[in-house]
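Colleague: Pasting in a structure now, in structure tokens, and then I'll have a few things to ask.
The values are calculated or read from the model by the stated rules, or taken from the named source; none is laboratory data. These numbers come from a predicted model, not from an experiment. Cβ placement follows ideal geometry from the backbone for every residue including glycine, while neighbour counts extend to all protein chains displayed.
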């Protein structure tokens, strides 16, 4: 595994599997990761799949160092072993035709799974539009990679890059038409995106990150309240159609 | 009920077994104790239901399940052909509904045993309320024993003053075995938000942090009753499992460790065999309760 520090608060782990080819992974799925050198954390951490390089047999994880668990990944060195269970959960809906106009909206480190989603879309001949939000310019990650895949629009809360404000205030939402929105980021942002999508009559799916233990639908810790009652985000999600959730939108 | 090896899975940590079929050969596990089942469907407690702790975790799932009829109609057909002991954990809010739930499972020919959960700390009615007094525990076991004719394991709570008194009470009412410990009641607080972390305020503590408490209680109960004891609480390795066998457990359950390593069950089963070979024991029976 190789470790690249993108920013003081973000680390990119590029892991390979020495035992053979990595399993097939879909955009929006996640892995349960553990750093074997982490003495102060107990559970695995659910981390979204940032990118898959089939040729290099690599899977990428973009991690923001916020707590003890994520800091344990930041302490890893190139060459260390990363213990991963993957792939888990269900992915984003891929476009049915190359003509589908898909907007991928990411906030903060929630942009991570959208890179893989965008690359899979482009491979199908469907060019994605990205709307990426961050606190500040330095929190916008992997921008060159996003720009190679599609049109990229940006907001920052402090106005240091793109339009100042939140993603839902960006002018692209007024100027272009979309058939579907897939979003991943902080819950308040996703609620606002879902609210916009609903008012505009656009299909919208969101990727949740409830606290998890098992990752396979056994412990029932990560439940989200849906139209069908409590369901596991790890097994039934992490991607949900906004209509299935009991969000106030 | 015969076990092919002494390793079982703890209820609520292994789903219905099928969730782990990608990671282990389920038939290499001695017994699979499936998620707690109640007479009526239950939505469980609101999110958040989990908090990580040093060497462990708290949960307050609250027995979310679709009810015994759903289990019999939809889940049982998918697990009945798994060639190991498929055991159902049964919970309730009165002796009568424990007994009714048990009776419906009695009719399923490929379920050789139930584990009676009188020790869930996360439900307001029933659950642990029965498991913290000898009278309450006896009342549930008495009602279930009349309705259930196969192997009856009773899962005991550690949140009591004298676990042996309760173990003796359920033995006297016809329990075939006791399993212990269920989770220890605990709490997590977020200092920044000045709030309790879990939705209902408290939760059950599990993981390696509880192992010393569990070992002590298994040791005591194994000496207080004649029926076999199933030991659980924080087992993360074959060595941990052997410690429980030495303390007096005839079998063990693995719970929280399934979340850390989904293939841990078969590794522990193999590791117990390695221990026996290494120390010249012919069978696991040769070490049960032999700690000095």
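Colleague: Criterion first (touching a strand residue (DSSP E or B) at 6+ places or on another chain (Cβ under 7 Å), within 19 Å of residue A:230 (Cβ to Cβ), surrounded by fewer than 20 Cβ atoms within 10 Å (Cβ to Cβ) and within 14 Å of another protein chain (Cβ to nearest Cβ)) does residue B:47 satisfy it? Write out each step before concluding.
Modeller: Details: touching a strand residue (DSSP E or B) at 6+ places or on another chain (Cβ under 7 Å): yes; within 19 Å of residue A:230 (Cβ to Cβ): yes; surrounded by fewer than 20 Cβ atoms within 10 Å (Cβ to Cβ): yes; within 14 Å of another protein chain (Cβ to nearest Cβ): yes.
Yes, satisfied.
Colleague: Let me ask something else about it. In the stretch A:170-209, how many are without any contact (Cβ under 8 Å) to a residue 60 or more places away in the chain, under 28 Å from residue A:221 (Cβ atoms) and assigned to a loop (DSSP other than H, G, I, E, B)?
Modeller: Within the stretch A:170-209, residues that are without any contact (Cβ under 8 Å) to a residue 60 or more places away in the chain, under 28 Å from residue A:221 (Cβ atoms) and assigned to a loop (DSSP other than H, G, I, E, B) number 1.
Colleague: Please verify whether residue A:61 is assigned to a strand (DSSP E or B), within 30 Å of residue B:207 (Cβ to Cβ) and either touching a residue at least 12 places away in the same chain (Cβ under 8 Å) or not assigned by TED's automatic domain parsing to the domain that holds residue A:124 (or both), treating the condition exactly as stated.
Modeller: Spelling it out, residue A:61 is indeed assigned to a strand (DSSP E or B), within 30 Å of residue B:207 (Cβ to Cβ) and either touching a residue at least 12 places away in the same chain (Cβ under 8 Å) or not assigned by TED's automatic domain parsing to the domain that holds residue A:124 (or both).
Colleague: For residue A:210, only one of the following conditions fails: (1) under 28 Å from residue A:140 (Cα atoms); (2) more than 10 Å from every other protein chain (Cβ to nearest Cβ). What is its number?
Modeller: Among (1) under 28 Å from residue A:140 (Cα atoms); (2) more than 10 Å from every other protein chain (Cβ to nearest Cβ), residue A:210 violates only (2).
Colleague: What about residue A:146, is it surrounded by 19 or more Cβ atoms within 10 Å (Cβ to Cβ), modelled with pLDDT of 95 or more and assigned to a strand (DSSP E or B)?
Modeller: no
Colleague: Could you tell me whether residue A:76 is outside the structural domain of residue A:181 (by TED's automatic domain parsing) and touching a strand residue (DSSP E or B) at 6+ places or on another chain (Cβ under 7 Å)?
Modeller: Spelling it out, residue A:76 is indeed outside the structural domain of residue A:181 (by TED's automatic domain parsing) and touching a strand residue (DSSP E or B) at 6+ places or on another chain (Cβ under 7 Å).
Colleague: Answer yes or no as to whether residue B:226 is more than 18 Å from residue B:33 (Cβ to Cβ), within 14 Å of chain A (Cβ to nearest Cβ) and either touching a residue at least 40 places away in the same chain (Cβ under 8 Å) or part of a helix (DSSP H, G or I) (or both).
Modeller: no
Colleague: Please give the helices (runs of 4 or more DSSP H) falling wholly within the stretch B:101-216 in which 1 or more residues are more than 14 Å from chain A (Cβ to nearest Cβ) and without any contact (Cβ under 8 Å) to a residue 12 or more places away in the chain.
Modeller: In the stretch B:101-216, the matching helices (runs of 4 or more DSSP H) lie at B:128-131.
Colleague: Taking the condition buried (at least 17 other Cβ atoms within 10 Å of the Cβ), closer than 20 Å to residue B:204 by Cβ, within 20 Å of the chain's Cα centre (by Cα) and at pLDDT below 95, does residue B:91 pass?
Modeller: no
Colleague: Let me ask you something else. May I ask you to list the residues in the stretch B:238-254 that are over 22 Å from residue B:169 (Cβ atoms), without any contact (Cβ under 8 Å) to a residue 60 or more places away in the chain and touching a helix residue (DSSP H, G or I) at 6+ places or on another chain (Cβ under 7 Å)?
Modeller: B:238, B:240, B:242, B:243, B:244
Colleague: Taking the stretch B:161-185 only, how many residues are closer than 22 Å to residue B:59 by Cβ and surrounded by fewer than 20 Cβ atoms within 10 Å (Cβ to Cβ)?
Modeller: 1
Colleague: Just checking, which of B:24, B:34 is crowded, with 22+ Cβ neighbours inside 10 Å and either in a strand (DSSP E or B) or at negative phi (or both)?
Modeller: Answer to the selection: B:34.
Colleague: Continuing with the same structure: When you scan the stretch B:1-21, how many residues do you find that are part of a loop (DSSP other than H, G, I, E, B) and more than 14 Å from every other protein chain (Cβ to nearest Cβ)?
Modeller: The qualifying residues number 6.
Colleague: Check off (1) away from every other protein chain (no Cβ under 14 Å); (2) within 28 Å of residue B:255 (Cβ to Cβ) for residue A:127 and give me the number that stays unchecked.
Modeller: (2)
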